[in-house]
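Remarks on the structure that follows.
The values are calculated or read from the model by the stated rules, or taken from the named source; none is laboratory data. These numbers were taken from a predicted model, which means no experiment stands behind them. Positions of Cβ are generated from backbone atoms using ideal geometry, with glycine treated the same way; all protein chains shown enter the neighbour counts. For accessibility, only protein heavy atoms count, side chains too; no ligands or nucleic acids. Shrake-Rupley method; radii C 1.70, N 1.55, O 1.52, S 1.80 Å.
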Amino acid sequence: CFEKDEFWASCKATCTPGVNPDDPPEVQSPWSCAVLAPVVFEGSSVPANFTAPEGSPVAQHGHLRVDGSRLLDGNGQPVRLRGMSLFWSQWGSKYWTADVVDWLRSDWNISLLRAPMGVESGGYLESHDLEKQRVVTVVDAAIRAGIYVIIDWHDHHAERHTGRAHEFFEEMAQVYGHFPNVLFEIFNEPLKESWHDDIKAYEQEIVDSIRKYSDNVIICGTRQWSQDVDVAAADPLVGGNLTYTLHFYAAYHKEALREKARAALSMGVALFASEWGTCSFDGDGWLDLEETNKWLEFLEEHNISDANWAVNDKEEACSALLPGASSTGGWGLDKLTDSGRFVRSSLRGSAANISGGSASASEIMAESTLASMAVNLQTALVSSTPGCAGDIENCKASRCCATPGYTCFEKDEFWASCKATCTPGVNPDDPPEVQSPWSCAVLAPVVFEGSSVPANFTAPEGSPVAQHGHLRVDGSRLLDGNGQPVRLRGMSLFWSQWGSKYWTADVVDWLRSDWNISLLRAPMGVESGGYLESHDLEKQRVVTVVDAAIRAGIYVIIDWHDHHAERHTGRAHEFFEEMAQVYGHFPNVLFEIFNEPLKESWHDDIKAYEQEIVDSIRKYSDNVIICGTRQWSQDVDVAAADPLVGGNLTYTLHFYAAYHKEALREKARAALSMGVALFASEWGTCSFDGDGWLDLEETNKWLEFLEEHNISDANWAVNDKEEACSALLPGASSTGGWGLDKLTDSGRFVRSSLRGSAANISGGSASASEIMAESTLASMAVNLQTALVSSTPGCAGDIENCKASRCCATPGYTCFEKDEF
């Protein structure tokens, strides 16, 4: 396992320090080639008799204790700690450093720091020594700085991991239990389990474990994402020095949650706001600083300690840092987000305004829509386990339940759950964030029904297909049935398993009539809950869109949306043979057989797979096939120099204008000069992660290039996810009919381009010059590399990030670091 940088390492036989020309163009930064071996937990380096620095918070207040609803210091006086929470350890570890702790103490004036150690998803359960060492690094630094620190078991399913929590907290209590600095948070955010039977039972066990070695304050999670503090107060744990977690996000949680907190306080328990945000409860959305100030006044009134979420540079509204902020602290105001500047000002003593010339609170406050919040919350709960869903998992995709006698009942277009019974309407036991009505429609496994379009269907008069008929490829040109060059223009839908709300006939018809598309791309997800797990459901989604496109008389791409298609050759064969038999005679249909290959060999892996699939399709159809190219469908020149065998083949050119510029156009020119045809089946106005800032100046250069070379294109993507490249704003209807007020800046720009005027964004939006900016390389590298991290526990495979596991699955390979990602 060789390290590239602080974010990335990979398993290779050898590693040469410096830039590797075989890396994707997006991440051609130097490799350090430091060898990463599995971490051996070394324990704390702080002497047992260490004394807090004079004048520090711990020197002033000493050991804390709880008296009824009050947190008291060692002098018996009420104390309120204020500070920050780091981000999940497995994803935000670049800021889990002593330098960051020291900077937050000296510049942000924190008296408290929270260390949320991730448990699942690559955290403690898989890499316990690595995660413990991260905790120790932060806790040791906090002790030396003389501030209080929370050791947080950051888990939504702690009751499933009781044994591992026991071992962790017993060890932490033995090591740190005598230091006045340390508090223990034993369950970050429980979900909907029973408070008494599940959450309290687990927490009582862990409290008793810690109490063998320490009487320090323990923070206990409460039901419903640590909001049901009143339920916990009515049935408290046994023991002293216990507080209960109150988590809130100001753009959504308002007076109703403060009422629950008042009720808990009135019952004599102490509360601790160990996590709160200025934004929505998914950590993103808009800031609500007016409501944030109400919350801060409430916390001050009731002397409730707090830690703001989060010290991280992820592109989310609640992150305190902008992408690329140093992992050693020293951040100027220009490295802080609006939330970061607001919270820093609050901690330093003035919470009323954001300093540093930022927009005023009133200018940046707005609430996320319920639909967007529900999507983000529920998506976070979707199980990654194949097969039928568990009791608290989303059964929307599988449509079946693991528990005998349970049925998959639908709530809305985003969520369904396995239950014994379901009553239509609002369920008072749902989390406050998602107390919207249940439809209680029963979802049964989908039986694939096939196409409903007659085999002899004729395209509507005047439609693109009626005008152009069957397409064919001649050298580098795409020609229509009349032998004339044709350029198709249109949109790509979003991954089928995540964006299916817009995979409807109504949306197809609206895009044709209002956006003037001649092409629609249907990217059927293969992994991560897609075709490999729910083949009938995904095929039915494809059929819905393809049938609608045929009836509308437009062209449609059936896309095997996969980064590892060469691993799924058998499944791709079965899919494309069936699709070619059903649709291969329709002039409308094009087949895209490999969305975006990664770094595999073009000749040995990608081309070999694609030749097999081309030959399968050719048994039934001579329609145009779009073939993926190496390096995220950018190495079109490599494919052109060693093309597949067969006719009517084009090669994918994918670009995102905020990052891919003239260098990629040069590669495209080289490919065209070798006589192959290109197809821009996916492109975006933003950065290659689908987010970041729009670069409309560069977008226009790309559109001019495509027009000059008659290259057809589909823009990414018809979806309402809160990303810059999404065409729709959150909550846009799944039946089309969108006004300009329902489109993003990107959506308005692309619609205008498709309707005939690409120069400006219509509908009163900001001008291109006002909204153009490039994402930083650091941010793009984080997002790209994070997307490649394997979800498989254990040692890393050859193209996976071994940053966390620090070991390699391939015998003889070492984990070498590339960089911090």
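Relative contact order for segment 16-68 using alpha-carbon pairs under 8 Å, separation at least 6, rounded to a whole percent? Walk me through the intermediate numbers first.
Details: 23 pairs, mean separation 11.0, N = 53.
About 21 percent, as a whole number.
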- Paramagnetic reach from R618 in segment 654-689 [backbone N under 20 Å; point 7 Å along Cα→Cβ]: 675-679
- Item | Cα-Cα separations in segment 29-75 greater than 14 Å, expressed as whole percent | 73 percent
- Query: Which value, in debye to the nearest 20, gives the size of the charge dipole of the chain about its Cα centre, when Lys and Arg are +1 and Asp and Glu are -1 at the Cβ?
  - Reply: 360 debye
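Normalised by the empirical 2.2 N^0.38 Å for globular proteins, what value does the Cα Rg of segment 1-148 take?
On the way: Rg = 19.5 Å, N = 148, 2.2 N^0.38 = 14.7 Å.
In units of the 2.2 N^0.38 Å rule of thumb, it is 1.33.
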- Item | segment 517-597, relative contact order in percent, only Cα pairs under 8 angstrom and at least six apart counted | 36 percent
- Query: What are the radius of gyration and Dmax of segment 648-724, computed over its Cα atoms and given in Å?
  - Reply: 12.5, 40
- Message: Under the rule of at least 5 residues apart or a separate chain, name every residue whose amide H is placed under 5 Å from the amide H of F7.
- Response: D819, E820, F821
- How are the Cα pair distances of segment 480-564 distributed, in percent, across 5 Å bins from 0? 3, 15, 26, 22, 15, 10, 6, 2, 0
- Task: Under a cut-off of 21 Å between alpha-carbon atoms, report the lysines in cross-link reach of K4, not counting same-chain residues fewer than 8 places apart.
- Result: K12, K94, K314, K599, K803, K818
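In square nanometres, what is one fourth of the surface area of the convex hull spanned by the alpha carbons of segment 169-240?
Numbers: hull surface 17.9 nm².
So the mean shadow area of the Cα hull is 4.5 nm².
With 27 Å as the limit, write out which pairs from K260/K721; K132/K419; K419/K501 have Cα-Cα distances beyond it, or answer none. All intermediate terms of the calculation are to be shown ahead of the outcome.
Numbers: K260/K721 31 Å; K132/K419 37 Å; K419/K501 23 Å.
From K260/K721; K132/K419; K419/K501, over 27 Å: K260/K721; K132/K419.
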- Note on the structure: To the nearest 10 degrees, the tilt of helix 569-583 (Cα long axis) against the first principal axis of the alpha carbons of the chain is 50 degrees
- Message: Lone cysteines in the chain, defined as no other cysteine's Cβ under 4.7 Å from theirs: which are they?
- Response: C220, C627
- Item | In Hz, Karplus ³J(HN,Hα) per residue of segment 718-731 (6.51, -1.76, 1.60; θ = phi - 60°; x = Gly, Pro) | 7, 6, 10, 4, 6, 10, 4, 7, 4, 7, 10, 7, x, x
- Unit-weight point scatterers at every alpha-carbon of segment 38-117, Debye formula, q = 0.20, 0.21, 0.23 1/Å: log10 I(q)/I(0) is -1.12, -1.17, -1.24
- Message: I'd like the orientation of helix 162-176 relative to the chain: the angle between its Cα long axis and the longest Cα principal axis, in ° from 0 to 90, rounded to 10.
- Response: 50 degrees
- Message: Below 8 Å, C-alpha to C-alpha, sequence gap of six or more: please give me the relative contact order for segment 138-188 in percent.
- Response: 57 percent
- Query: Kirkwood-based Rg over Rh for the chain (C-alpha set), two decimals?
  - Reply: 0.98
- Item | lysines with Cα under 22 Å of K254, excluding same-chain neighbours fewer than 8 positions away | K192, K294
- MRE, 222 nm, helices only [DSSP H, n ≥ 4, -39500 (n - 2.57), over the chain, to nearest 500]: -9000 deg cm²/dmol
- Message: Quick check: pseudo-label points 7 Å beyond the Cα along Cα→Cβ at R567 and E259, how many nm apart are they?
- Response: 5.0 nm
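Tell me, what is the FRET efficiency for F50 and Q204 to the nearest 0.05, using R0 = 30 angstrom and their Cβ-Cβ distance as r? Kindly include the intermediate steps, with their values, before the conclusion.
On the way: r = 31 Å, r/R0 = 1.05.
Given R0 = 30 Å and the Cβ-Cβ separation, E is 0.45.
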- Task: Would you grab the residues whose amide H sits under 5 Å from the one on D228? Only those 5+ places off in sequence or on another chain, please, with H modelled 1.01 Å from N.
- Result: R223
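How large is the translational diffusion coefficient of segment 515-591 in µm² per second when you combine the Kirkwood radius over alpha carbon pairs with Stokes-Einstein at 20 °C and 1.002 mPa s?
Working: Rh = 12.8 Å.
It diffuses with D of about 168 µm²/s by this estimate.
Carbon and sulfur atoms: what percent of the 1.4 Å accessible area of the chain do they account for?
Details: 14630 of 29380 Å².
Carbon and sulfur together cover 50 percent of it.
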